[in-house]
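These notes are about the structure you will find just below.
The values are calculated or read from the model by the stated rules, or taken from the named source; none is laboratory data. Since the structure is predicted, the reported quantities are computational estimates derived from the model, not experimental observations. We place every Cβ from the backbone using ideal geometry, glycine too, and count neighbours over all the protein chains shown. Ligands, DNA and RNA are stripped out before the accessible areas are found, and what is left, the full protein with its side chains, is counted by its heavy atoms. Shrake-Rupley method; radii C 1.70, N 1.55, O 1.52, S 1.80 Å.
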Amino acid sequence: MEFEIKKMETDGEIAGKAYVHWKSWQEAYKGLVDASYLEALTLEKCTAAAFKYPENTLVAKVGEKVAGFCAYGEGRVEDLPGAGEIYALYVLPEYYGTGIGMALIAFGGERRFWRCTAVLFGTAALFGGAVFALSAASGTQPGQALRRVTWRILIPTFALCYAV
């Protein structure tokens, strides 16, 4: 499947981003988030937010259809001044497994960055899975972290991979 990653520019792309945001929440969080919250999260609200905050957004397009988006900006982690952060990353369910999410993260295509992204995701999944398992074993609600995993753990792994 061919897709294009580009900066969000047109009204059609902004509306497409709003639909991806709304649809992703309806699909991914059903049964995990209170139903009343999902009912209140309307396509109209997502559209209003998309037009209010169009900056720093990449869209993935399959033909003319927006299949995913990534909103990014200045990092909010005090330990990493000057670093960037991904605020939101959503892909329509029918495009899961196509590489669109990874492409949105690694926009620019430098080969070493792809490798680092894969390691970063793997490390995050490892620690995330461990925290989830510990939470379940201790009787706390799933998703409540027992200990916050910081960038101090992830950055050395990322740097080591980048240097190789």
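How about region 16-38: which of its residues are within 16 Å of residue 88 (Cβ to Cβ) and open to solvent by less than 60 Å² (accessible area, probe 1.4 Å)? The answer is 16, 17, 18, 20, 21, 23, 24, 25, 26, 28, 33. If only residues of region 1-15 that are assigned to a loop (DSSP other than H, G, I, E, B) and within 20 Å of residue 48 (Cβ to Cβ) are counted, the one that is most open to solvent (accessible area, probe 1.4 Å) is 9. Looking at the structure I just gave you, is residue 74 in contact (Cβ under 8 Å) with a residue 24 or more places away in the chain, open to solvent by 50 Å² or more (accessible area, probe 1.4 Å) and farther than 16 Å from residue 24 by Cβ? Considered against the rule, which asks whether it is in contact (Cβ under 8 Å) with a residue 24 or more places away in the chain, open to solvent by 50 Å² or more (accessible area, probe 1.4 Å) and farther than 16 Å from residue 24 by Cβ, residue 74 comes out as no.
For a quick check of your reading of the model, give me the residue pairs whose first member lies in region 17-42 and is more than 22 Å from residue 71 (Cα to Cα), whose second is surrounded by 14 or more Cβ atoms within 10 Å (Cβ to Cβ) and not acidic (Asp, Glu), with beta-carbon atoms closer than 7 Å and at least 6 apart or on different chains. Pairs that qualify, where the first residue is more than 22 Å from residue 71 (Cα to Cα) and the partner is surrounded by 14 or more Cβ atoms within 10 Å (Cβ to Cβ) and not acidic (Asp, Glu), are 30/38. Taking first residues from region 44-59 that are in a helix (DSSP H, G or I) and open to solvent by less than 40 Å² (accessible area, probe 1.4 Å) and partners that are at pLDDT 95 or above and not acidic (Asp, Glu), the Cβ contacts under 7 Å between residues at least 6 apart in sequence or on separate chains come to 46/18; 46/21; 46/22; 50/14; 50/17; 50/18; 50/21.
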